[in-house]
Amino acid sequence: GPLLLYLLDVLELPDPVLPQLPGLLGPDVPAAGLLVVGNKVDLLPADSPGHLGRLRQRVAAACAQAGLRGAPLVDVRLVSAKTGFGLEGLVSRLQRSWKCAGDVYLLGATNSGKSTLFNTLLRSDYCKSRAPDAVDRATVSSWPGTTLNLLKFPIINPTCDRIFRRQERLKEEATKTEDQLSSEERKYLNHLKKQGYLVGEVGRTFQRQKSSPVVDFDPDMLSYSIDEDPRHSPRKHEEREEFTHNEVKDARWCFDTPGIVKENCVLNLLTEKEVKLVLPTCAIIPRTFILKPGMVLFLAALGRVDYLQGEKPAWFSVVASNLLPVHIATLSNADAIYEKHAGQELLKVPMGGEERMKEFPPLVPQDITLEGIGTTEAVADIKLSSAGWVAVTAHAEEKLLLRAYTPKGTALVVREPPLLPYVSTIRGARITGTAAYRTKKPPSLVENLKTTGRK
């Protein structure tokens, strides 16, 4: 039976698990297995020790809620397809599934990172060594629908010898320090550290030996008179490498499938330029604000949270793309600010002025009642569709009445328990004269390298 490699975006929990997924593992599919992979963990800061274990539990809980449990669910993994974190462990887990799995199908919603994962697996030990030269890479784009056909690569057979050689390489690399890397490797690693909080290396044990290029030498080409211009021989067309029949007759394949478009998603209402601002591509730096009753928080023009009733101030931590602006206003002038600045530079997204806002759906309210559990732990996340979320932290037993807004036709979810319950504690100095804290980006963690060689 096939193995379904289901990729989901951990920022979108709990709703990215497709309700149709259990049907794909039904009795019509013999011995199908499911490996659930939570992607984009590199974007989320570590709000407490063991936060990855908690994230994994949330992914497993979302799968159970969608009816995925028992024998078909092989494992749950956390990775970053972009920075390589957790990828070597995922490859090892996939290789252990060789005996019970046929072809592997990479499934997931749009913008979950499927194409990035496909390209990373293509250059890992999971793929035959000659395949990267003969297989098309997947197009990586924030715009949904760029993967239009089935891309595939042949999976290498994990024989005992190959498994042993791979383990030896991983052990050797685990003893390395950053100081032992080449200048190019260190430069690339530092680039990844700026992109995410969790970084890992993806190497190859089985390299294809490339033959040295043959230089065609024509002495007549070097002799020409003063009156003649040198003639350039036309370059030979580089032939694309193709697999032989013996290489693929019994091969198992890993397929990249087109992304499934999510319903009730704010990204469906945006232009490509706006999507690039809304989808986080670098490590998210949380922004924490102290709001009193009667104050309003705007996340661009895509979401709004009103603090209507409460006895004490509360902490509102915004976890969204660093490019999306956050503005604080009073309840009395919030509507006027939205009317004046939606579509303009102040709220940034959507962009295009009055003409753009005429076709953009209005914001629809939903009342939310919460009860605080302490000043260091958030009680819930208010998830403003796919634009991001606001974690609410309040004093113990403090009752809050909030009103949250998202564009009509998009989903507003109150996530309890919150994904990062201690996010309000990773804050720096208070910004004087404002309701906000200035938060600093925590240092990056390299998974399979020691951080330094110095003691």
Matching residues in region 278-311 - criterion: being free of Cβ contacts under 8 Å to residues at least 40 places away in the same chain and within 13 Å of ALA394 (Cβ to Cβ): LYS292, PRO293
Where a residue in region 100-122 is touching a residue at least 60 places away in the same chain (Cβ under 8 Å) and part of a loop (DSSP other than H, G, I, E, B) and its partner, wherever it lies, is β-branched (Val, Ile, Thr) and open to solvent by 10 Å² or more (accessible area, probe 1.4 Å), with Cβ under 6 Å and at least six apart: THR110/VAL261
In region 159-197, the residues that are part of a loop (DSSP other than H, G, I, E, B) and either modelled with pLDDT under 85 or out of contact with any Phe, Trp or Tyr (no Cβ under 8 Å at 6 or more places or on another chain) (or both): THR159, THR175, LYS176, LEU181, SER182, TYR197
Subset of region 156-188 [under 25 Å from SER97 (Cβ atoms) and among the β-branched types (Val, Ile, Thr)]: ILE156, THR159, ILE163
Which listed residue, of ALA378, ALA394, ALA320, ALA342, is in contact with a helix residue (DSSP H, G or I) (Cβ under 6 Å, 6 or more places away or on another chain) and either aromatic (Phe, Trp, Tyr) or buried (at least 21 other Cβ atoms within 10 Å of the Cβ) (or both): ALA342
Subset of region 327-351 (residues that are free of Cβ contacts under 8 Å to residues at least 40 places away in the same chain and within 30 Å of the chain's Cα centre (by Cα)): HIS327, GLN344, GLU345, LEU346
Single match in PRO19, PRO45, PRO27, PRO14 (criterion: open to solvent by 40 Å² or more (accessible area, probe 1.4 Å) and either at pLDDT 90 or above or within 30 Å of PRO442 (Cα to Cα) (or both)): PRO14
Complete set of residues in region 321-369 that are of a type in the set (Gly, Ala, Ser) and in a loop (DSSP other than H, G, I, E, B): SER321, SER332, ALA342, GLY352
Only one of ILE290, ILE285 that is at pLDDT below 95 and in a strand (DSSP E or B): ILE290
Yes/no for ALA387 being assigned to a strand (DSSP E or B), open to solvent by less than 50 Å² (accessible area, probe 1.4 Å) and closer than 19 Å to ALA329 by Cβ: no
Residues that are touching a strand residue (DSSP E or B) at 6+ places or on another chain (Cβ under 6 Å) and free of Cβ contacts under 8 Å to residues at least 60 places away in the same chain, drawn from region 413-436: VAL414, GLU416, PRO418, ARG430
Count - residues of region 401-432 that are modelled with pLDDT of 90 or more, open to solvent by 50 Å² or more (accessible area, probe 1.4 Å), assigned to a loop (DSSP other than H, G, I, E, B) and farther than 14 Å from LEU13 by Cα: 3
Meets criteria (over 26 Å from the mean Cα position of the chain (by Cα), of a type outside the set (Gly, Ala, Ser) and more than 27 Å from TYR338 (Cα to Cα)) for GLU397: yes
Flag for PRO362 being in contact (Cβ under 8 Å) with a residue 12 or more places away in the chain and open to solvent by 50 Å² or more (accessible area, probe 1.4 Å): yes
Pairs where the first residue, in region 156-176, is within 25 Å of VAL199 (Cα to Cα) and the second is among the hydroxyl-bearing types (Ser, Thr, Tyr), C-beta under 6 Å, 6+ apart: ARG165/THR205; ARG166/THR205; ARG169/THR205
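The values are calculated or read from the model by the stated rules, or taken from the named source; none is laboratory data. Model, not experiment: these values are computed from the prediction. For neighbour counting, all protein chains shown are included, and Cβ atoms are generated from backbone atoms with ideal geometry for every residue, glycine included. Surface accessibility is based on the protein's heavy atoms, side chains included, excluding ligands, DNA and RNA. Shrake-Rupley method; radii C 1.70, N 1.55, O 1.52, S 1.80 Å.
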